[in-house]
Amino acid sequence: MFTDVATVKLQAGRGGDGRLSFRSSRGNPKGGPDGGDGGRGGNIIFKVSHNTNTLSKYRVNRLWNAENGESGGTNQRHGKNGSDTTLVVPNGTVILEDDVIIADLTEEGQEVVIAKGGSGGFGNAHFKSSIRQAPKMAELGEDGEYKVITLELKLIADVGLVGLPNAGKSTLLSMVSNAKPEIAGYAFTTLSPNLGVVDIHDDSFLIADIPGLIEGASKGKGLGVDFLRHIERCNVLLHLIDVNSQDIVKDYETIRGELKSYSVDISDRPFIVVLTKSETLEDAKLHQIRETLAKHIGVSLDKIHTISAVTTMGLQTLMQDTNKMLMSAQKQAAKQTSIVKDELKVITIDDEVGFEVEKKSDYYQVTGEDIERFARKTNLDQPDGVRRLKDILKKKGVFKELCAKGANKGDKLKIAGKDLTW
Ligand SMILES: Nc1nc2c(ncn2[C@@H]2O[C@H](COP(=O)(O)OP(=O)(O)OP(=O)(O)O)[C@@H](O)[C@H]2O)c(=O)[nH]1
Ligand SMILES: [Mg+2]
């Protein structure tokens, strides 16, 4: 089964704890602090590789971890960093968190860190200073990021084939490319997208064949909407219509309507209308159909292609015209991206991190990214650690704010789930 959406949980590695230890040697049983820092927790990285073309393994395995960092050692030995976990995905994978796109992977080899490993805690050797010769505290490692993300695969093909079921899309793909899709004389033969490479002169392009669309496809009818996302990124569309259809104009409008109603309007893409199975009709009848359709669309007759997979008539001309249209569409797209890039402004976010104090029933809740981070790293069993945390709270102005909120020394505080007495 072809999978194009998967939701997974990521748990990056926890940072290793810093070590609390003092050097002891025969001559000097009470040496200085020598506890090393903890290692960083492993990151979870996503990487594009052409060796994979589905997201199926992320359906089966929904939880991915990275290794924890090791604790610091004596003799100032740094704990080993946790190794990163690299998850391979196909080109065209979009990563979303809470319905917001956080990464859009479109290049072979591209890598992004999605869940960051926690940093390691400092060992007590780190806290030695002229006034503090024997710090009896070491930091705890930080938790790695935990994320629930959705992966969505949008194939990146240059050209997309659209049409009603049975129009001859897979047959065309099999005739002009290296792909070997399933073909049959009934609707919905194709259940998942097929990709094929078309070689033309010194050029080549990628063509995607998707399951047939029906009226309401953009609203999820038939196999519809799941597959429309695959053609969202095509620069050119080939719209195939069976010449034996009872109502060619209606067939044409049905598909155009679905392309328009899809969440991203894909009806503005350059497209070529292609009448298929042309050998099944007499020339006069074929000519009449082409004329009707050209008039309806408002294009000249030569813009309506006719092909036959049986006699191969029209296939080469169609591929040549597709390639031409593709080249000019790509030039246009390149122009647009450079305009967008020029317009982009660099926004820098002021990194001053605030905090908040809130009175609860019998304690005061202190929140704030920076402060919570320090609290998480503090081992409350170590009096020196608690002292340091209090120093930080004082410096940041938390105590002042506590006074303003009516708190007194000795009152209970809660920071990042940890209990502390002021
Ligand atoms: N006579 C004739 N039959 C054709 C031609 N092209 C395709 N067919 C037949 O039309 C039927 C449908 O072809 P497919 O290529 O499977 O159609 P499709 O558009 O991919 O269909 P779905 O995957 O169901 O959307 C098959 O029986 C093909 O053999 C052609 O040029 N001439
Ligand atoms: Mg098909």
request  = Check residue 81 against each of (1) surrounded by 15 or more Cβ atoms within 10 Å (Cβ to Cβ); (2) not in a loop (DSSP other than H, G, I, E, B) and name the one condition it does not meet.
outcome  = (2)
ask   = If you check every pair at least six apart or on different chains, which have Cβ atoms under 8 Å apart with a residue in segment 175-193 that is of a type in the set (Asp, Glu) first and a residue that is outside any loop (DSSP other than H, G, I, E, B) and near ligand 2 (Cβ under 9 Å from one of its atoms) second?
value = 182/170
request  = Only strands (runs of 3 or more DSSP E) wholly contained in segment 118-235 count here; list those with 2 or more residues that are at pLDDT 90 or above.
outcome  = 146-153, 159-163
ask   = So, of the residues in segment 201-220 that are of a type outside the set (Gly, Ala, Ser) and within 22 Å of residue 181 (Cα to Cα), which turns out to be farthest from ligand 2 (Cβ to nearest atom)?
value = 205
query = Only one residue in 52, 74, 86, 93 is surrounded by fewer than 20 Cβ atoms within 10 Å (Cβ to Cβ), within 13 Å of residue 151 (Cβ to Cβ) and among the β-branched types (Val, Ile, Thr), so which one is that?
reply = 52
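Residues of segment 132-142 being crowded, with 17+ Cβ neighbours inside 10 Å and of a type in the set (D, E, K, R), which ones?
The initial filter retains those residues of segment 132-142 that are crowded, with 17+ Cβ neighbours inside 10 Å, namely 135, 137-142.
Result: 139, 142.
Being under 17 Å from residue 9 (Cβ atoms) and either within 16 Å of the chain's Cα centre (by Cα) or free of Cβ contacts under 8 Å to residues at least 60 places away in the same chain (or both) is the requirement here; does residue 99 meet it?
Yes: the conditions hold for residue 99.
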query = Just checking, how many residues over segment 270-285 are closer than 20 Å to residue 255 by Cβ and aliphatic (A, V, I, L, M)?
reply = 4
ask   = Regarding residue 232, is this residue under 22 Å from the mean Cα position of the chain (by Cα), in the same structural domain as residue 276 (by TED's automatic domain parsing) and not aromatic (Phe, Trp, Tyr)?
value = yes
task = Run down 264, 299 and say which single residue is more than 16 Å from ligand 1 (Cβ to nearest atom), assigned to a loop (DSSP other than H, G, I, E, B) and under 23 Å from residue 323 (Cβ atoms).
result = 299
request  = Go through (1) in contact with a Lys or Arg (Cβ under 8 Å, 6 or more places away or on another chain); (2) modelled with pLDDT of 95 or more one by one and return the number of the condition residue 3 breaks.
outcome  = (2)
key: Residue that is surrounded by the fewest Cβ atoms within 10 Å (Cβ to Cβ) [pool: residues in segment 378-408 that are out of contact with any helix residue (DSSP H, G or I) (no Cβ under 9 Å at 6 or more places or on another chain) and basic (Lys, Arg)]   = 395
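Sort through 20, 63, 10, 55 and tell me the only one that's farther than 24 Å from residue 112 by Cα, of a type in the set (A, V, I, L, M, F, W, C) and in the same structural domain as residue 87 (by TED's automatic domain parsing).
Details: 63 fails: farther than 24 Å from residue 112 by Cα; 10 fails: farther than 24 Å from residue 112 by Cα; 55 fails: farther than 24 Å from residue 112 by Cα.
Being farther than 24 Å from residue 112 by Cα, of a type in the set (A, V, I, L, M, F, W, C) and in the same structural domain as residue 87 (by TED's automatic domain parsing) holds for just one of 20, 63, 10, 55, which is 20.
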Considering residues of segment 282-321 that are in contact (Cβ under 8 Å) with a residue 24 or more places away in the chain and either touching a His at 6+ places or on another chain (Cβ under 9 Å) or not assigned by TED's automatic domain parsing to the domain that holds residue 171 (or both) only, the residue surrounded by the fewest Cβ atoms within 10 Å (Cβ to Cβ) = 320
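What number of residues within segment 154-173 satisfy the criterion of being among the β-branched types (Val, Ile, Thr), more than 13 Å from ligand 1 (Cβ to nearest atom) and surrounded by 21 or more Cβ atoms within 10 Å (Cβ to Cβ)? First the steps, then the outcome.
Just the residues of segment 154-173 that are among the β-branched types (Val, Ile, Thr), to begin with: 156, 159, 162, 171.
With the extra rule that they be more than 13 Å from ligand 1 (Cβ to nearest atom), the set shrinks to 156, 159.
Retained after the next criterion (residues that are surrounded by 21 or more Cβ atoms within 10 Å (Cβ to Cβ)): 159.
Number of matching residues: 1.
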note = Checked 268, 202, 251, 242 against criteria (among the acidic types (Asp, Glu), more than 17 Å from residue 156 (Cα to Cα) and touching a Gly at 6+ places or on another chain (Cβ under 7 Å)); the one match is 242
key: Sole exception among (1) closer than 22 Å to residue 324 by Cβ; (2) touching a Phe, Trp or Tyr at 6+ places or on another chain (Cβ under 8 Å); (3) within 7 Å of ligand 1 (Cβ to nearest atom) for residue 197, by number   = (3)
message = Return the pair list, or none, for Cβ contacts closer than 8 Å from residues in segment 199-218 that are touching a residue at least 12 places away in the same chain (Cβ under 8 Å) to residues that are more than 16 Å from ligand 1 (Cβ to nearest atom) and acidic (Asp, Glu), at least 6 apart or on different chains.
response = 205/158; 206/158; 207/158
ask   = In segment 174-190, which residue that is of a type outside the set (Val, Ile, Thr) and more than 8 Å from ligand 1 (Cβ to nearest atom) is surrounded by the most Cβ atoms within 10 Å (Cβ to Cβ)?
value = 177
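The values are calculated or read from the model by the stated rules, or taken from the named source; none is laboratory data. Because the structure is predicted, anything quoted here is derived from the model rather than measured. Positions of Cβ are backbone-derived with ideal geometry, glycine not excepted, and every protein chain shown enters the neighbour counts.
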